[in-house]
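Trainee: Mind having a look at this structure? Questions to follow.
Read-outs: derived from the displayed coordinates by stated rules, not from any lab. Note that the structure is predicted; figures quoted are calculated from it, not measured. Note that we place each Cβ from the backbone using ideal geometry, even for glycine, and neighbour counts take in every protein chain shown.
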Amino acid sequence: MKQFKNVIFDLGGVLIDWNPDYVFKDVFNNAEKLAWFYREICPMDWNENQDAGYPLAQATADRVALYPQYKEWIEMYYGRWEEMLGDAIQETVELLRLCVNNPNLKVIALTNWSAETFPVAFKKFDFLQWFEGIVVSGEEKTRKPFPEIYKISLSRYKLEANETVFVDDNLRNIKAAEALGIHGIHFKNPLQLSGELKKINIL
């Protein structure tokens with residue numbers, strides 16, 4: 001069986017619970033209106049633009065200019081961003097600990113995250129200091145699933161794609177990694193991840 005030497009972990013949805021519902025469920029108290037807000041007013045592709053380095057203040061101003069009647073809600077998105085940051089996904093953190101404690105493995109993180117908000121998470125979660133390095137999309141001005149950010153991760157930490165495992169909860173990001181020869185694991189839950197890592201002799 002192939003011997004993997006490197007593991008790259010995604011953060012949000014794998015090791016850290018982040019969800020705008022923590023703010024907006026109470027704001028709307030209505031599932032249909034919540035879905036409309038995420039679809040029309042502050043959609044995920046807008047948020048991803050900030051993950052690629054677009055300034056939060058400018059992004060907010062852009063949406064307010066489009067929808068001035070919803071200014072209060074739009075300003076909440078980044079104004080109350082810290083409230084969207086949940087807890088660590090502890091079972092996955094334990095799997096990370098096992099990987100980090102393996103002297104034969106190099107463990108890094110690759111995350112789609114705004115450079116402006118990432119320091120808040122880094123301060124909150126001690127385990128983020130365990131990684132050999134963290135590639136933050138907002139700092140690189142590109143994001144998953146664009147090939148460039150995977151290439152940055154491989155090059156910066158001297159990883160060979162065919163010796164590297166990538167864990168992410170977004171299938172789109174997994175497919176992009178696999179197209180570069182990286183072994184992808186589509187994260188669904190910690191138990192499933194544990195089984196997948198055992199299958200390939202990482203745990």
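Trainee: For the pair residue 104/residue 70, report the inter-label distance in nm, with labels modelled 7 Å from Cα in the Cβ direction.
Mentor: Between residue 104 and residue 70, the simple spin-label model gives 5.2 nm.
Trainee: Can you give me the relative contact order of the stretch 18-85 as a percent, contacts being Cα pairs under 8 Å and 6 or more apart?
Mentor: Numbers: 36 pairs, mean separation 32.0, N = 68.
Normalised by residue count, the contact order of the stretch 18-85 is 47 percent.
Trainee: Something else about it: Which residues in the stretch 15-37 have a backbone N closer than 17 Å to a point placed 7 Å from the Cα of residue 80 along the Cα-to-Cβ line?
Mentor: Correct set: 18-37.
Trainee: What is the local net charge at residue 157, summed over the other residues whose Cβ is closer than 13 Å to its Cβ (Lys, Arg +1; Asp, Glu -1)? Could you put the intermediate results ahead of the total?
Mentor: Working: positive: 5, 106, 151, 156, 158; negative: 132, 160, 163.
Counting the neighbours of residue 157, the net charge comes to +2.
Trainee: Below 8 Å between Cα atoms, with a sequence gap of 6+, how large is the relative contact order for the chain in percent? Write out the running numbers ahead of the final one.
Mentor: Details: 295 pairs, mean separation 61.2, N = 203.
Result for the chain is 30 percent.
Trainee: For a test of the definition: using alpha carbon positions, the gyration tensor, and the 1.5 limit on a/c, classify the stretch 143-203 as rounded, prolate or oblate.
Mentor: Numbers: a/c = 2.42, a/b = 1.44, b/c = 1.68.
Because a/c hits 1.5 or more and a/b fails to exceed b/c, the stretch 143-203 counts as oblate.
Trainee: Can you tell me the mean projection area, over all orientations, of the convex hull of the stretch 18-85's alpha carbons? Units nm², please. Intermediate values should be presented prior to the final figure.
Mentor: Numbers: hull surface 16.8 nm².
Spelled out: convex hull of the Cα atoms, projected over all directions, averaged, 4.2 nm².
Trainee: I want the antiparallel fraction of DSSP beta bridges within the chain, as a percent rounded to 5. Before the final figure, lay out each step's value.
Mentor: Details: 2 of 19 bridges.
Among the beta bridges of the chain, antiparallel pairing accounts for roughly 10 percent.
Trainee: For the stretch 95-203, what value does the Rg/Rh ratio take when both radii are computed over Cα atoms and Rh is the Kirkwood radius, given to two decimals? List each step's numbers first, then the result.
Mentor: On the way: Rg = 13.5 Å, Rh = 14.5 Å.
Checking Rg against Rh, the ratio lands at 0.93.
Trainee: Obtain the nm distance between the two label points defined at residue 188 and residue 44 by a simple spin-label model: each point lies 7 Å from its Cα along the Cα-to-C-beta direction.
Mentor: 1.8
Trainee: Something else: Against the longest principal axis of the chain, how steep is helix 90-100, in degrees 0 to 90 to the nearest 10, with axes from Cα atoms?
Mentor: 40
Trainee: If you take every residue apart from residue 31 with its C-beta less than 12 Å away from the C-beta of residue 31, what net charge results, scoring Lys and Arg +1 and Asp and Glu -1?
Mentor: Details: positive: 25, 33; negative: 21, 32.
Computed value for this residue: 0.
Trainee: Right, another one. Only four residue types carry charge here, +1 at the Cβ of Lys and Arg and -1 at the Cβ of Asp and Glu. Report the dipole size of the chain about the Cα centre in Debye, rounded to the nearest 20. The partial results should precede the final answer.
Mentor: Working: 23 positive and 29 negative charges, 133 e Å.
It works out to roughly 640 debye.
Trainee: Moving on to the next point. Give me the dipole magnitude in Debye, nearest 20, for the stretch 18-85 about the Cα centre, with unit charges on the beta carbon: positive for Lys and Arg, negative for Asp and Glu.
Mentor: Numbers: 6 positive and 12 negative charges, 34 e Å.
Rounded to the nearest 20 debye, it is 160 debye.
Trainee: Net charge near residue 90: determine it from the other residues with C-beta under 13 Å of the C-beta of residue 90, scoring Lys and Arg +1 and Asp and Glu -1. The partial results should precede the final answer.
Mentor: Working: positive: 97; negative: 17, 87, 91, 94, 126.
Around residue 90, the charge tally is -4.
Trainee: Per residue, how much space in cubic angstrom lies within the convex hull of the C-alpha atoms of the chain?
Mentor: 116
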